[in-house]
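*Asks:* Take a look at the following structure, please.
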Amino acid sequence: MQTNQATEQHRKPTALEQAGGTKGLAYSALPVMAFVVANSIKGLTAAIFVAGVVALAVTAHRLLRRESVQPAIGGLVGVVIAAGITWYTGSAKDYFLMGIWASLAGSVLFVLSVLVKWPLAGVIWNTATGKGTVWQADRNSRFYFNLATLTLAVVFGARFVVQRHLYEADEVGSLGVAKIAMGYPLLALGLLVLAWAARASDRRLRAVGLLPARND
């Protein structure tokens, strides 16, 4: 019993834990969401101010709680880059430009990872949860993560198609709505498939002895 407690105390935090868990990932989106809403209502100057305040508030909150500030800093950097692009071009719709092309890049990357037989959903999940690459040795596990990876590719691809269309149509307000609606709500669908793939993979790996059986 003491050995197990000592092991738990000295266990290296996973990447997901270092990022602050799912709450930390949600925090990272708050400054961007604030920018989108404020930009749609009050314009660019107000959007930059509101997003900056939110980003600083999130960072201060995490510091006070002694949590990881990486997601908060990531959100702040995203706001700075997006705002910089907008100021440079002088067009409010260009705030969304980085996200649009990032969605395309993400979709292509997910598809390519399946083609090279290293589905990115499996790589990210098993690295973040500390399971390493043992899943790669099992064909069924790779199949599960292939499905999850392709689902995420569709999610990012849909974001690109819809938001690129609105960008070309110069629909700034609709772009703001689409960015929020196609953000975490749409990503949640892909993560549900990923959660299914992870559970199915774990059951399979335990069944074939590549992961230790649970001591429930």
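The values are calculated or read from the model by the stated rules, or taken from the named source; none is laboratory data. Computed from a prediction, not measured in an experiment: that's the story for all the values here. Here the Cβ positions follow ideal geometry from the backbone for every residue, glycine too, while neighbour counts run over all protein chains shown. We work out accessible area using only protein heavy atoms, side chains counted, and drop any ligands, DNA or RNA first. Shrake-Rupley method; radii C 1.70, N 1.55, O 1.52, S 1.80 Å.
*Asks:* Name, by its number, the condition in (1) modelled with pLDDT of 85 or more; (2) at positive phi that does not hold for GLU168.
*Replies:* (2)
*Asks:* Taking the condition β-branched (Val, Ile, Thr) and over 30 Å from VAL172 (Cβ atoms), does THR86 pass? Steps first, answer last, please.
*Replies:* Working: β-branched (Val, Ile, Thr): yes; over 30 Å from VAL172 (Cβ atoms): no.
Answer is no for this residue.
*Asks:* Would you say ALA153 is modelled with pLDDT of 95 or more and part of a helix (DSSP H, G or I)? If you could, list the steps in order and put the result at the bottom.
*Replies:* Numbers: modelled with pLDDT of 95 or more: yes; part of a helix (DSSP H, G or I): yes.
Answer is yes for this residue.
*Asks:* Could you list, in sequence order, all residues of region 152-168 that are buried (at least 19 other Cβ atoms within 10 Å of the Cβ) and of a type in the set (Val, Ile, Thr)?
*Replies:* VAL155, VAL162 - these are the residues of region 152-168 that are buried (at least 19 other Cβ atoms within 10 Å of the Cβ) and of a type in the set (Val, Ile, Thr).
*Asks:* Also: Hey, could you check region 127-151 for residues that are without any contact (Cβ under 8 Å) to a residue 24 or more places away in the chain and open to solvent by less than 60 Å² (accessible area, probe 1.4 Å) and say which is nearest to VAL108 (Cα to Cα)?
*Replies:* Looking at residues that are without any contact (Cβ under 8 Å) to a residue 24 or more places away in the chain and open to solvent by less than 60 Å² (accessible area, probe 1.4 Å), I get GLN136.
*Asks:* Being open to solvent by 30 Å² or more (accessible area, probe 1.4 Å), in contact with a Phe, Trp or Tyr (Cβ under 9 Å, 6 or more places away or on another chain) and not small (Gly, Ala, Ser) is true for just one of ILE100, ILE85. Which residue is that?
*Replies:* Sole residue among the options that is open to solvent by 30 Å² or more (accessible area, probe 1.4 Å), in contact with a Phe, Trp or Tyr (Cβ under 9 Å, 6 or more places away or on another chain) and not small (Gly, Ala, Ser): ILE85.
*Asks:* May I ask you to list the residues in region 111-122 that are open to solvent by 20 Å² or more (accessible area, probe 1.4 Å) and touching a residue at least 12 places away in the same chain (Cβ under 8 Å)? Talk me through it step by step, then tell me what you get.
*Replies:* We begin by selecting, within region 111-122, every residue open to solvent by 20 Å² or more (accessible area, probe 1.4 Å); these are 111-112, 114-118, 120.
Within region 111-122, VAL111, VAL114, LYS117, TRP118, LEU120 meet the criteria.
*Asks:* Out of (1) surrounded by 15 or more Cβ atoms within 10 Å (Cβ to Cβ); (2) under 24 Å from ALA92 (Cα atoms), the odd one out for ARG204 is which?
*Replies:* So the condition that ARG204 fails would be (2).
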